[in-house]
Each structure stands twice: as C-alpha cells, then as structure tokens.
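Worksheet: the structure to be examined is printed underneath.
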Protein chains: 2
Amino acid sequence: MKKEIFIGNVGIGGNHPVSIQSMTSTDTRDITATLNQITALKDAGCEIIRVAVPAKDALVPFKTIVEKSPLPVVVDIHFDVYLAIKSIEAGVHGIRINPGNIGSNKKVKEILIAANERKIPIRIGVNAGSLEKKYWNAPGSTAGKMVASVMDKVRFFEDNQFFNIKISLKSSDVIQTVQAYRLIDKKCDYPLHLGVTEAGTFFSGAIKSAIGIGSLLLEGIGSTIRVSLTDDPVQEIKVAKEILQVTGLRKTGIEMISCPTCSRTSVDLIALVKEAERELAHFKPGRKIVVAIMGCEVNGPGEAKEADIGIAFSQKYGYIFKKGEMLEKVEPNRSITRLIELIKDFAGGET
Amino acid sequence: MKKEIFIGNVGIGGNHPVSIQSMTSTDTRDITATLNQITALKDAGCEIIRVAVPAKDALVPFKTIVEKSPLPVVVDIHFDVYLAIKSIEAGVHGIRINPGNIGSNKKVKEILIAANERKIPIRIGVNAGSLEKKYWNAPGSTAGKMVASVMDKVRFFEDNQFFNIKISLKSSDVIQTVQAYRLIDKKCDYPLHLGVTEAGTFFSGAIKSAIGIGSLLLEGIGSTIRVSLTDDPVQEIKVAKEILQVTGLRKTGIEMISCPTCSRTSVDLIALVKEAERELAHFKPGRKIVVAIMGCEVNGPGEAKEADIGIAFSQKYGYIFKKGEMLEKVEPNRSITRLIELIKDFAGGET
C-alpha cells in the first residue's frame with residue numbers, strides 16, 4: 001500500500017479512492033475566470049485543481065483564488081523559487097515542482113522547508129519533455145532515465161527530512177509512460193499521480209489517456225489521475241470519470257452496455273441507446289447501475305440478465321429484465337420510456 | 001509466437017501486423033447497402049469485414065457480397081448449421097461461430113469438415129453474455145469460465161483434426177475481458193481476436209475499447225482487433241487505428257503531441273492545434289510522423305525537439321524544430337501554415 005498524503009481534505013494513497021485532478025487553463029491573474037473554471041470542473045467531478053503561477057503579478061490574484069476555491073488547490077511552479085515560497089505562504093494545499101528546473105539544491109531546500117512548515121505535500125513531477133541533460137545523455141531507456149531522475153530527487157527530499165511526497169513521471173509516449181510508472185511503483189511507496197502528458201486533442205488524447213492511465217490502474221498502479229487534453233478541461237473530467245468507471249474504481253453512475261448492431265438487429269438500436277443516454281444524462285444515482293440495451297437474441301438476453309436493468313430486442317418486442325428476471329414485454333417505440341422509469345425506480349428503491 | 005492463419009490475403013498471428021476488423025450493420029439482404037458499407041470501411045482502414053447471415057433469405061445476397069467485397073469476409077453464424085455450411089460454400093474467407101449455440105457436437109463437426117475442405121479458419125467466439133449454463137454455474141471467475149468453455153471447444157476441434165483456429169473471449173466488462181485474454185494467451189498458441197463487446201456508444205465505447213484492447217496489446221497479447229461501438233462502424237475503425245498508433249503497432253500517420261494549455265500559454269493553442277489537425281486530416285504519410293505543438297517554455301522545447309517536426313511557443317514567437325534542431329522563429333498567426341509546409345516537405349523528402 002502507498003503512503004497516505006492529503007491535498008486539503010482529499011486523501012491520496014493509503015485506502016483512499018483514486019481521485020480526479022485537472023488544471024486551470026485561464027489566466028491566473030483573472031480571478032473570476034479562474035474561479036468560474038474551478039467551479040465548472042468541480043461540478044463535472046473534479047476533486048483537486050492545479051493552478052499555474054507563472055509570474056509575480058499572478059501571486060496576489062492567486063491568494064484570492066486559493067481562499068475562494070471550492071476545491072483544494074495545487075500550485076504549479078517552474079524555474080522560480082520565489083513564486084514557490086510565496087504560493088506556499090498564500091495557503092495553497094499542495095505544490096508541484098520539477099526540482100530539476102528550480103535552479104539549485106539550495107533553492108529546492110528552501111521550498112522543502114516552507115512546505116514542511118505548512119505541512120503540505122510536494123509532487124515531484126518529472127516529464128520526459130523536460131528531463132535534465134545529465135539523465136537524458138545517460139544510456140538506457142527513456143523510462144529508466146525518468147525514474148533515475150525522480151529517484152535522485154526523492155533521495156534529496158528524504159535526506160532533508162521531507163516525506164510528504166507524490167510522484168509523477170509523464171511522457172507524451174504511452175509506452176514510455178506505462179514503463180516509467182511500473183518501474184517507479186516497485187521502487188518506492190509514495191503515491192503516484194498518473195497522466196499521459198501533451199496527449200493532444202479530445203479524441204486522440206482520450207484514447208491515449210485511456211490506454212496509458214487505464215492499463216496502469218488495471219495493474220493496481222496509481223493513486224490520483226489527470227487526463228491532459230488540448231481542450232476545455234471539463235472534457236478531461238469526463239474522460240477521467242469514464243476511465244475510473246471502466247477500470248472498476250468508481251462505483252457510481254450509469255454503465256451502459258449496448259451492442260454494435262448487425263444484420264440481426266431489427267430495431268433502430270443506435271437511436272434507442274442515444275435516447276436513453278439523453279434521458280439519463282443528468283441522472284446521478286448514488287451507486288453504479290448497469291443498464292443493457294441489446295439488439296438481438298444472440299448475446300441480448302445474456303447481457304440483459306446480467307445487468308441491473310436490461311432490455312433485449314427480438315424481431316417485434318423488447319424484453320425487459322431486472323436483476324436477471326424477465327419483467328415484461330414492450331413495444332420498441334415505448335421501450336426506452338419504460339426502461340428509464342424502471343431504472344429510476346430501481347435506483348430510488350435501493351439507495 | 002502465435003500460429004499463422006489467413007483470412008483471404010490477410011495474415012493473422014505469426015509475424016503479421018495486428019489487423020483491424022469491423023462488422024457490417026446493414027441488412028445483409030441489401031447487397032448495395034452492405035457493399036457500400038464495406039467500401040466505406042475499407043477506405044477508413046478496415047482490413048477484414050464480418051457479415052452476419054441471420055436467415056436463409058440472406059444466403060443468396062451474401063454470396064454476391066462475398067464475390068464483390070473489396071475486403072476478405074468472415075461470416076457470423078449463430079444457432080444454425082445450415083447457414084454455416086451454405087456460407088462456407090458461398091466462398092467466404094472465414095467463419096465465426098460460438099460452437100456452444102450450434103446445437104450439437106455432430107453439427108459443429110459438419111462445420112469443421114466443410115471449413116477444412118475450403119481451408120478457411122474458424123473463429124471460436126465465446127462471449128460472457130452467451131456462456132452456456134454448464135460453465136456459468138461452475139465456481140470461479142467469469143474469465144475462468146469463459147476460458148474453460150473455449151478450451152473445451154478447442155480440444156473438440158483438435159480431436160477432429162481442425163487447427164485453423166482463431167479465438168475470441170469477449171465480455172462487456174473490461175476487467176473480465178482482460179483477465180480472460182491473459183489466461184487464454186498462456187494456454188494455447190492460436191491467434192487471438194481482441195475486443196470488448198457491447199461497449200456502448202462512441203465516447204464510452206472508445207474509452208472501454210482503448211483500455212481493454214490497449215492494455216492487452218501493450219502486453220503483447222492480440223493478433224487482430226475489433227472495436228465494437230453502437231454507432232456507424234466507420235467510427236470503430238477510427239478508434240481501432242488510434243489504439244494501434246498509441247500502442248506503437250502502426251507506424252503510419254501523424255501523431256500529434258500537444259499540451260493541455262495553462263496559465264503560462266500566451267497563444268490560442270487549442271485553435272492552432274485544431275487548425276493543424278484540419279490541414280492534416282487527409283494527409284497520409286507512408287510512415288509515422290510525430291508533430292508537437294506546445295504552448296510554453298516548460299515542456300515545449302523538449303517535446304518539440306523530440307518530435308520529427310515541432311513548434312514551441314513562448315510569449316511572442318513560435319520556435320520551430322526539425323529532428324531536434326531549431327530551424328526558425330515564426331509569428332503565431334502564420335506558424336501553422338509554415339508547420340504544415342515543413343511536415344509535408346519532411347514526409348516527401350524521406351519517403
């Protein structure tokens with residue numbers, strides 16, 4: 001089990017569930033825009049927010065953002081120890097640095113002391129794209145170089161009595177990312193922040209993140225995740241929640257099982273499934289409910305029986321199942337209305 | 001290494017690259033619609049097509065479809081040995097059955113004899129949703145039950161001198177799917193057809209398939225893949241190609257590295273990346289080209305240098321890199337036009 005740390009009231013590692021993070025893309029100097037984005041991200045399901053402080057004139061607005069943020073805030077700092085110290089003094093709940101670009105060990109030590117005083121964790125974030133030359137030029141795999149770099153930093157932190165650590169090792173290459181996290185997972189007990197960096201726009205970024213983060217989570221690696229997309233960060237949360245749902249780490253929401261349709265399908269299944277998704281878009285049950293909508297008699301009855309609520313269509317009718325028992329036969333054109341009624345009834349009756 | 005089989009001219013297993021499959025969703029009795037869909041799928045990158053023959057009146061049109069199809073055809077048969085035999089006689093390149101629903105071992109044997117005569121492979125496709133009761137009621141995990149079911153069928157095939165086999169073990173649950181394929185991968189040498197079944201609509205189906213198929217491919221498991229979506233099957237190919245690209249199994253096309261933007265970004269990076277994606281949408285280089293478009297000086301220069309062609313923006317300018325060397329400084333508003341020129345030049349100069 002990984003060590004437990006806290007970003008504000010959100011536990012990471014230990015027995016805590018895998019949490020979802022994102023990062024603001026607004027100008028930190030614009031307090032209203034930044035707080036609005038944080039609120040939108042929280043509403044979408046984000047649990048920890050990271051905010052960059054790129055320059056001195058962002059420090060005063062940043063203090064207000066931290067005070068008013070509805071989510072615990074991690075500050076993202078590069079190059080500048082002054083910004084790090086001032087952000088810590090502003091009451092931030094965590095700090096992310098790449099110690100390799102802060103300038104010197106003396107400066108990193110100043111950050112460790114300030115963070116220790118406030119009892120806030122530091123994420124050591126090493127990215128393949130900004131690996132220092134001395135590691136880059138060493139022989140071996142990129143993943144191995146990233147791990148060597150981060151382990152040197154971990155030892156320096158520990159030598160300075162700093163143990164409130166979280167680690168990330170991101171690459172824009174999924175294979176490197178997965179290799180690096182597998183290696184570091186065996187080497188130390190600090191919780192890991194998973195992500196594939198610079199993953200690209202919505203579609204390809206979602207696929208990259210799903211494979212990289214998802215395969216690690218399936219191996220039991222990772223305590224908190226951030227999906228990076230070149231898009232509105234709210235989309236990152238949508239992808240992150242789906243990854244946690246698929247890997248069995250989130251037990252709320254609707255999981256929709258539906259078939260790809262084929263020559264055997266006699267109803268317009270794509271339209272029926274989309275209708276159900278629309279009707280359920282804002283329905284948030286307190287636990288996971290598996291719903292199956294199936295187009296034929298091959299896998300239909302099996303999937304429908306395994307689901308909490310399922311419907312399997314044959315030539316003329318839909319057959320509705322609840323927890324494995326056939327409940328009733330319905331006409332396709334009123335099947336989704338009835339299905340939704342039963343899903344809401346099922347959720348209500350058992351929460 | 002897995003045994004080698006052939007669906008028409010497409011090799012599966014052995015040293016062959018992982019191939020992409022899909023399935024028609026048209027009515028097989030509609031020859032024109034089905035052939036049009038197969039052509040659209042081929043244009044999108046599909047390499048093998050599966051077509052269901054659900055009833056006798058589909059057999060005559062199916063024969064024409066097989067003759068005219070621009071892709072090798074696998075017929076999907078359930079319940080009915082007559083349809084299987086007639087489809088084989090129609091000249092199909094492969095057949096997929098779940099031997100558990102064909103009715104009896106005697107009937108399965110008829111299919112084996114017919115397939116052996118024509119030298120076409122059979123996919124033994126066991127789905128969790130249609131697992132026979134005798135396996136379902138046995139103790140143990142669902143994945144274990146699926147593997148037990150398929151191994152009984154493999155032994156029956158082998159006892160009847162049939163070795164031209166491909167195996168699939170699909171579940172709508174990603175964890176079960178991954179477990180089942182890991183187990184079967186160790187148990188036999190037949191090539192595996194990967195898929196997460198009934199994965200749902202485009203977004204959640206893409207994430208499910210990416211995690212399930214992607215994590216197996218990263219482990220070296222899988223010889224051919226099919227992404228199942230409740231959507232136009234052309235979308236399945238888009239997702240499948242992205243999965244193969246991300247897992248390093250396809251070496252063609254543009255891989256776009258771009259950052260999620262943050263308070264440090266001073267250009268409208270989302271718009272710039274989307275512009276580049278639009279410009280490159282129909283550009284198909286003969287090999288993989290990595291393009292990086294990065295918004296700031298933290299990871300920007302590193303990623304841009306690692307890419308084949310990259311651009312990293314600072315406050316005022318974009319800095320263009322080619323194979324690690326800084327080429328030139330450009331104004332943001334003409335940066336993408338210049339980037340595209342350099343990408344096309346790079347692709348042209350080296351193919």
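Values as computed for the structure displayed
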quantity	calculated
Per-pair calculated FRET efficiency, R0 = 51 Å: A:N9 and B:L249 via Cβ, rounded to 0.05	0.75
Under Karplus coefficients 6.51, -1.76 and 1.60, residue-wise ³J(HN,Hα) of the range A:146-155 in Hz, glycine/proline x	5, 5, 4, 4, 5, 5, 4, 6, 4, 4
Electrostatic dipole magnitude of the range A:134-209 [Cβ: Lys, Arg +1; Asp, Glu -1; Cα centre; debye, to 20]	100 debye
Per-residue HN-Hα couplings for the range B:201-211 [Karplus 6.51, -1.76, 1.60; θ = phi - 60°; Hz; x = Gly/Pro]	6, 3, 5, 6, x, 5, 5, 4, 5, 4, 5
Across B:K134/B:K186; A:K3/A:K42; A:K42/A:K238, pairs whose alpha-carbon gap is larger than 18 Å	B:K134/B:K186; A:K3/A:K42
Sequence-separation-based contact order of the range B:2-68, relative, with Cα cut under 8 Å and 6+ spacing, percent	31 percent
The protein assembly as shown - charge dipole about Cα centre, Lys and Arg +1 at Cβ, Asp and Glu -1, debye rounded to 20	1220 debye
Sequence ranges B:158-169, A:188-199, B:84-95, ranked by mean other-Cβ count within 10 angstrom, highest first	A:188-199, B:84-95, B:158-169
Restricting the range A:254-295 to trypsin sites (Lys or Arg not before Pro) in coil, as DSSP defines it, with at most 12 other Cβ within 10 Å	A:R287
Lysine pairs within the range B:253-349, Cα separation less than 12 Å, 8 or more sequence positions apart or different chains	4
Spin-label model distance (nm) - B:T32 vs A:I113, 7 Å beyond Cα toward Cβ	8.2 nm
Threshold 10 Å², the range A:1-25 residues less accessible with all protein chains present than alone (1.4 Å probe)	A:M23, A:T24, A:S25
Copy-to-copy label separations for A:S141, where each label sits 7 Å from Cα toward Cβ, in nm and ascending	2.3
Calculated over the range B:1-68: convex hull of Cα atoms, volume per residue (Å³)	94 Å³
Using a 7 Å Cα-to-Cβ projection, A:K344 label spacings across copies, nm, ascending	5.4
Ascending list, in nanometres, of distances separating the A:T252 label from those of the other copies (7 Å, Cα toward Cβ)	4.6
Global size of the range A:253-349 as Cα Rg and Dmax, reported in angstrom	12.0, 38
B:G253 long-range amide H proximity, modeled H, under 5 Å	B:R287, B:K288, B:I289
Whole-number D in µm²/s for the protein assembly as shown (Stokes-Einstein; Kirkwood sum over Cα pairs; 20 °C, 1.002 mPa s)	80 µm²/s
Distant-in-sequence amide H partners of A:S19 (H built 1.01 Å from N, under 5 Å)	A:T224, A:I225
Pairwise label distance in nanometres, A:K68 with B:Y82, each label 7 Å out on the Cα-Cβ vector	7.5 nm
The range B:97-135: trypsin sites (Lys or Arg not before Pro) falling in loop per DSSP and having at most 13 other Cβ within 10 Å	B:K119
Residue-span extension gain [A:K106 to A:V234] - 0.36 nm each, minus C-alpha spacing	42.3 nm
Residue among A:I5, B:S19, A:T32 farthest towards the positive dipole end of the protein assembly as shown, charges placed on Cβ	A:I5
In the B-A interface, the accessible area buried, summed over both sides, Å² (probe 1.4 Å)	5900 Å²
Per residue accessible area of chain B, 1.4 Å probe, in Å²	38 Å²
Alpha-carbon spread of the range A:5-246, three principal axes, descending order, Å	45, 42, 32
Options B:F321, B:G300, B:T265, ranked by Cα towards positive dipole end of the range B:253-349, top entry (Cβ charges)	B:F321
Radius 14 Å from Cβ of B:E306, net charge of other residues (Lys, Arg +1; Asp, Glu -1)	+1
Dipole magnitude of chain B about its Cα centre (Cβ charges: Lys, Arg +1; Asp, Glu -1), debye to nearest 20	840 debye
Length-normalised contact order of chain A in % [C-alpha pairs under 8 Å, at least 6 apart]	12 percent
Residues along the range A:187-223 losing 40 Å² or more of accessible surface when the other protein chains are present rather than the chain by itself (probe 1.4 Å)	A:E198, A:T201, A:F203, A:I207, A:K208, A:A210, A:I211, A:L218
Of all accessible heavy-atom area on chain A, the percent that carbon and sulfur account for (1.4 Å)	49 percent
Inter-label distance for B:W136 and B:F283, nm, one decimal - labels placed 7 Å from Cα along Cα-to-Cβ	5.3 nm
Hz values of 3J(HN,Hα) by residue in the range A:246-261 - Karplus curve (6.51, -1.76, 1.60), Gly and Pro given as x	5, 8, x, 9, 10, 10, 10, x, 8, 9, 9, 9, 8, 8, x, 6
Nonlocal amide H pairs with B:A52, under 5 Å, H built at 1.01 Å	A:S263, B:T24, B:D76
In degrees, nearest ten, helix B:269-280 long axis to first principal axis of chain B (Cα)	60 degrees
Positive-pole candidate from B:I85, B:A58, B:G220, dipole of the range B:5-246, charges at beta carbon	B:I85
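The values are calculated or read from the model by the stated rules, or taken from the named source; none is laboratory data. Bear in mind the structure is a predicted one, so any value in this text is a computation, not a measurement. Here Cβ is always computed from backbone atoms with ideal geometry, including for glycine, and neighbour counts include all displayed protein chains. Heads up: the accessible areas ignore ligands, DNA and RNA and are worked out on the full protein's heavy atoms, side chains in. Shrake-Rupley method; radii C 1.70, N 1.55, O 1.52, S 1.80 Å.
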